[in-house]
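The values are calculated or read from the model by the stated rules, or taken from the named source; none is laboratory data. The shown structure was predicted, so the numbers you read here are calculated from the model rather than taken from an experiment. We place every Cβ from the backbone using ideal geometry, glycine too, and count neighbours over all the protein chains shown.
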Amino acid sequence: MSENKIAVVFGGASNESEISVITGTMCANVLKSGGTDVLPVYISPSGAFYCGEELADIQVFKRGEELKSPRCMVCDGGVYILGKRGRIKKFLPLYAAINCCHGGLGEGGGVGGLFACAGIPMAGGDIFGGAAFLDKCHTKILSDGLGVNTLDYFVVRSSEDISAAIKKIGLPAVVKPARLGSSIGVAAASDGEGFEGAVNAALMFDDKVLCERYVKARREINCAAYFYGGEVCVSECEEAFSSGGLLSFDDKYSGGGKSVIPADIPKSTAEKVKDTVRKVYSSLDMRGIVRFDFILEGDELFLSEVNTVPGSLAWYLFAPSMKKFYPVLRAVISQAVADSASAKQKLLLKTGILSSVPACGLKSK
C-alpha cells in the first residue's frame with residue numbers, strides 16, 4: 001500500500017456536479033502543494049469513473065476534455081485503470097480517499113459505501129451521515145431526536161398536499177427540494193399561487209419537498225467541524241449575506257453574496273452554535289469536514305441544514321489560506337485511515353452454519 005497515494009473523488013450524477021469539480025480540483029491541488037501523491041478520480045454524470053493527474057486541472061473541464069482521461073474502477077484496495085477496450089492496464093493501490101462529491105449518491109453515502117467495500121479509507125461523506133443529512137426531511141427527524149431546534153415544516157410529496165402544507169406552516173413560506181443543495185430549486189412564496197408554483201417547480205427536481213415557515217428577519221450563521229485525535233474540532237462562525245431575501249446559487253458561487261468571519265453575533269450565541277455542532281457531530285459519530293447551517297431569528301437559533309461534503313470543503317472556516325488548509329485535509333485523511341484500521345481489528349464471526357444446511361436446502365423448486 002502506498003503511504004502517499006490519495007484519491008480525490010468528485011463529480012457524480014448530481015445537479016451539483018459542476019460545483020463538485022471546483023471542490024475536487026481545489027482539494028487535489030492543495031494536497032499536491034503539500035507533497036501528497038494525488039490521484040484525481042472523476043465520476044461523470046452517467047456514473048462512469050475516470051482518473052488521471054490531468055483531472056486536477058480545472059481547465060480540462062472548461063475545455064470539456066474530462067472524458068478523454070482513462071476509465072477506471074474501484075476495487076481491491078485501489079483503482080484499476082482501463083484501456084480503450086476496457087481491459088485492465090494497471091492497478092494503483094490507494095492509502096485513502098477524500099470525498100469531494102456534492103449531492104446525489106456521491107455525498108449521500110453511495111461513494112462512501114463503494115470505497116468501504118473496496119477496503120479504502122474514505123474521508124468525508126460517511127455512509128450514515130451522508131445518507132441521512134442529504135435529505136432535509138430526515139435532518140428534521142434527526143434534529144428532533146437530538147433535541148435540536150428547527151423551524152416548523154411540512155413535507156409535500158404531490159400537489160395534493162399543498163393546502164395541508166399552507167394550513168400547517170402558513171404563508172409566507174420557503175420551499176426546498178428535499179435532497180438538493182446549493183440553493184437549487186429553493187424559493188420563497190408569499191401567497192397561495194406562488195407557493196403552488198414553487199412546490200411544482202421543486203417537484204421537478206425531487207419527489208418530495210420540504211416546506212418551512214419563512215423567517216423575514218433571518219440571519220444565516222454557518223459553522224463547520226471535523227474529527228481528529230479524539231476531538232471534534234469546531235470552526236469559527238460565519239454569517240452569510242444574500243443579495244435578496246434568501247441565499248441563492250449566485251450568492252454562493254458567483255459573487256452575489258458576501259460573508260463575515262467571525263460572525264458579528266454575541267459570544268453566547270456563537271457558543272450555542274458551536275455546542276450544537278459538537279452535539280450533533282459527536283452524537284452521530286460523524287467523520288470528515290461537515291458544515292452546519294443555522295437560521296438566527298432574534299435570539300432564537302434553528303438548525304437548517306447539515307452538509308457532509310460542503311462546498312470547497314469549507315476551507316475558509318478553518319484556515320486563512322488554502323496553503324494553511326493542508327494540515328486539516330491531512331488530519332481528516334489520517335483519521336479515516338485510523339478508523340479503518342480499528343474496524344479491521346474487530347472480530348468477524350464465521351458461524352459454520354453452512355456446513356449444517358442439508359443439500360436439499362440448496363435446490364429450487
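Has the stretch 230-243 got any residue that is assigned by TED's automatic domain parsing to the domain that holds residue 334, on the phi > 0 side of the Ramachandran plot, at pLDDT below 90 and surrounded by fewer than 18 Cβ atoms within 10 Å (Cβ to Cβ)? Explain how you work it out, then say what you get.
We begin by selecting, within the stretch 230-243, every residue assigned by TED's automatic domain parsing to the domain that holds residue 334; these are 230-243.
Now narrow it down to the ones that are on the phi > 0 side of the Ramachandran plot: 230.
Next cut, at pLDDT below 90 only: none.
No: zero hits.
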Does the stretch 327-334 include one or more residues that are assigned by TED's automatic domain parsing to the domain that holds residue 265, in a strand (DSSP E or B), crowded, with 22+ Cβ neighbours inside 10 Å and of a type outside the set (S, T, N, Q)? no
Extreme residue, farthest from residue 37 (Cα to Cα), among residues of the stretch 324-346 that are under 21 Å from the mean Cα position of the chain (by Cα) and polar (S, T, N, Q): 340
Has the stretch 101-113 got any residue that is touching a Leu at 6+ places or on another chain (Cβ under 8 Å) and either more than 30 Å from residue 31 (Cα to Cα) or free of Cβ contacts under 8 Å to residues at least 40 places away in the same chain (or both)? yes
Every listed condition ((1) more than 17 Å from residue 293 (Cβ to Cβ); (2) surrounded by 20 or more Cβ atoms within 10 Å (Cβ to Cβ); (3) of a type outside the set (Gly, Ala, Ser); (4) under 25 Å from the mean Cα position of the chain (by Cα)) holds for residue 133 save (1)
Residues located in the stretch 148-186, provided they are buried (at least 17 other Cβ atoms within 10 Å of the Cβ) and in a helix (DSSP H, G or I): 161, 162, 165, 166, 169
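Need at least 1 residues that are more than 27 Å from residue 126 (Cβ to Cβ) per element, so show me which strands (runs of 3 or more DSSP E) inside the stretch 63-102 make the cut, counting only ones lying wholly within it. Give the derivation first.
On the way: elements: 72-75, 78-82, 88-93, 96-99.
Correct list: 78-82, 88-93.
Which one is surrounded by the fewest Cβ atoms within 10 Å (Cβ to Cβ) among residues in the stretch 112-130 that are in contact with a helix residue (DSSP H, G or I) (Cβ under 6 Å, 6 or more places away or on another chain) and of a type in the set (A, V, I, L, M, F, W, C)? Break it down into steps so the answer makes sense when it comes.
First pass over the stretch 112-130, keeping only residues in contact with a helix residue (DSSP H, G or I) (Cβ under 6 Å, 6 or more places away or on another chain): 112-113, 121-123, 125-127, 130.
Still in the running and of a type in the set (A, V, I, L, M, F, W, C): 122-123, 127.
Working: 122: 29, 123: 28, 127: 18.
The qualifying residue surrounded by the fewest Cβ atoms within 10 Å (Cβ to Cβ) is 127.
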Could you list, in sequence order, the residues of the stretch 293-311 that are assigned to a strand (DSSP E or B) and charged (D, E, K, R)? 293, 297, 300, 305
Hey, any hits in the stretch 186-203 for a residue that's out of contact with any Phe, Trp or Tyr (no Cβ under 7 Å at 6 or more places or on another chain), within 30 Å of residue 335 (Cβ to Cβ) and among the charged types (D, E, K, R)? no
Within the stretch 37-55, is even one residue in a loop (DSSP other than H, G, I, E, B), more than 20 Å from the chain's Cα centre (by Cα) and in contact (Cβ under 8 Å) with a residue 40 or more places away in the chain? no
I'm trying to understand the selection: among the residues of the stretch 339-365, which are assigned to a helix (DSSP H, G or I) and out of contact with any Gly (no Cβ under 9 Å at 6 or more places or on another chain)? 339, 341, 342, 343, 353, 354, 355, 356, 359, 360, 361, 362
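Based on this model, can you work out whether residue 72 counts as in contact (Cβ under 8 Å) with a residue 24 or more places away in the chain, over 21 Å from residue 313 (Cβ atoms) and in contact with a Leu (Cβ under 9 Å, 6 or more places away or on another chain)? Reasoning before the result, please.
Numbers: in contact (Cβ under 8 Å) with a residue 24 or more places away in the chain: yes; over 21 Å from residue 313 (Cβ atoms): yes; in contact with a Leu (Cβ under 9 Å, 6 or more places away or on another chain): yes.
So residue 72 fits the description; yes.
I'd like to know if the stretch 257-264 contains one or more residues that are closer than 23 Å to residue 154 by Cβ, surrounded by 18 or more Cβ atoms within 10 Å (Cβ to Cβ), small (Gly, Ala, Ser) and at pLDDT 90 or above.
Going residue by residue through the stretch 257-264, those that are closer than 23 Å to residue 154 by Cβ are none.
Taking every residue of the stretch 257-264 in turn, none turns out to be closer than 23 Å to residue 154 by Cβ, surrounded by 18 or more Cβ atoms within 10 Å (Cβ to Cβ), small (Gly, Ala, Ser) and at pLDDT 90 or above.
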